[in-house]
């Protein structure tokens, strides 16, 4: 019996050429990204530290001896210690409501949480002036009761709360939505109360996102300039935070001191990036072992 001929091999579909597959395009893309990174990110960082130490370590240390600079550092840390915990609590509450419940106005709440990202910080500062300033909505009542908010520390805290409100919530909301509410519902059937579920079920599942959001919130609080410059009055030794103090030092032609103080905020930014990398690596390892984001 004659053997049947073997079927011809199947022809493979032509390989699709993707953008950047060619050696020239790949070289241009990578080179362009590296060039922009060097010019926009690396060069300013190098310039800050170079100028800060241009006159030596003694001049660098002397920049922090000025009373106004020390006060600005203390005020910035004080503001962060108040604003970050409040926004952590707000972010957890907002994310819990949006991700775990369905109610009228839910989409509006999401939009309100995102609002500070859509408004210029300077506009936010001006809005606070129209509410709490001397000629604002509540200004006469505040003056009558001798309550000072604008051009004082409370205004700095309020403005910082506004501009940093979305950071924690924005990290938690998508993760909580992805996780669903099955574990919380199981805990309810076992008799656990709301606070216990939050502490033992929900927060452990989102702890890495919570840490990342808190780190971003802290970095933004310490580096905020626009809104704080409007509501603080920029009073030396009274309402100057670190960004405002840097501007004043530079305007006083004290460039070395300005860059020296700027290294603090630069260090905060670098530490935040390192913390982000560590948190992402820990979260990726957790997902790999347990198979679910955030666990």
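At a glance:
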quantity: Some residue of segment 213-220 being surrounded by 19 or more Cβ atoms within 10 Å (Cβ to Cβ), out of contact with any strand residue (DSSP E or B) (no Cβ under 7 Å at 6 or more places or on another chain) and either within 18 Å of residue 71 (Cβ to Cβ) or at pLDDT below 90 (or both); calculated: no
quantity: Scope segment 222-231; condition surrounded by fewer than 22 Cβ atoms within 10 Å (Cβ to Cβ) and either free of Cβ contacts under 8 Å to residues at least 12 places away in the same chain or not in a helix (DSSP H, G or I) (or both); matching residues; calculated: 225
quantity: Out of 15, 54, sole residue that is over 30 Å from residue 201 (Cβ atoms), modelled with pLDDT of 90 or more and assigned to a loop (DSSP other than H, G, I, E, B); calculated: 54
quantity: Hits in segment 148-169 (condition: in contact with a helix residue (DSSP H, G or I) (Cβ under 7 Å, 6 or more places away or on another chain) and free of Cβ contacts under 8 Å to residues at least 24 places away in the same chain); calculated: 149
quantity: Condition met for residue 176 (buried (at least 20 other Cβ atoms within 10 Å of the Cβ) and farther than 30 Å from residue 264 by Cβ); calculated: yes
quantity: Residue satisfying condition, being surrounded by 14 or more Cβ atoms within 10 Å (Cβ to Cβ), under 27 Å from the mean Cα position of the chain (by Cα) and either free of Cβ contacts under 8 Å to residues at least 12 places away in the same chain or within 19 Å of residue 258 (Cβ to Cβ) (or both), within set 43, 111, 127; calculated: 127
quantity: Cβ-Cβ under 7 Å pairs, at least 6 apart or on other chains, segment 269-295 side over 15 Å from residue 204 (Cα atoms), far side part of a helix (DSSP H, G or I) and at pLDDT 75 or above; calculated: 269/219; 272/215; 272/216; 272/219; 275/215; 276/212; 276/215
quantity: Residue in segment 230-250 that is out of contact with any helix residue (DSSP H, G or I) (no Cβ under 7 Å at 6 or more places or on another chain), farther than 23 Å from residue 112 by Cα and at pLDDT below 85 present; calculated: no
quantity: For residue 213: the one exception among (1) part of a loop (DSSP other than H, G, I, E, B); (2) farther than 18 Å from residue 74 by Cβ; calculated: (1)
quantity: Filter result for the condition that a residue is at pLDDT below 95, part of a helix (DSSP H, G or I), touching a helix residue (DSSP H, G or I) at 6+ places or on another chain (Cβ under 7 Å) and farther than 21 Å from residue 254 by Cα, over 59, 25, 95, 80; calculated: 95
quantity: Residue count for segment 140-182, restricted to those that are more than 22 Å from residue 99 (Cα to Cα) and outside any helix (DSSP H, G or I); calculated: 8
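Rundown of residues vs (1) farther than 20 Å from residue 163 by Cβ; (2) in a loop (DSSP other than H, G, I, E, B), yes/no style:
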| site | (1), (2) |
| --- | --- |
| 199 | yes, no |
| 203 | yes, no |
| 220 | no, no |
| 236 | yes, yes |
| 259 | yes, no |
| 265 | no, no |
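Here is a yes/no grid of residues against (1) in contact (Cβ under 8 Å) with a residue 24 or more places away in the chain; (2) in contact with a helix residue (DSSP H, G or I) (Cβ under 7 Å, 6 or more places away or on another chain); (3) closer than 26 Å to residue 126 by Cα; (4) surrounded by fewer than 17 Cβ atoms within 10 Å (Cβ to Cβ):
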site: 145; (1), (2), (3), (4): no, no, yes, yes
site: 171; (1), (2), (3), (4): yes, yes, no, no
site: 192; (1), (2), (3), (4): no, no, no, yes
site: 196; (1), (2), (3), (4): no, no, no, yes
site: 200; (1), (2), (3), (4): no, no, no, yes
site: 205; (1), (2), (3), (4): yes, yes, no, no
site: 210; (1), (2), (3), (4): yes, yes, no, no
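The values are calculated or read from the model by the stated rules, or taken from the named source; none is laboratory data. All values reported here derive from a predicted model rather than from experimental measurement. Using ideal geometry, Cβ is built from the backbone for each residue, glycine included, and neighbour counts are taken over all protein chains shown.
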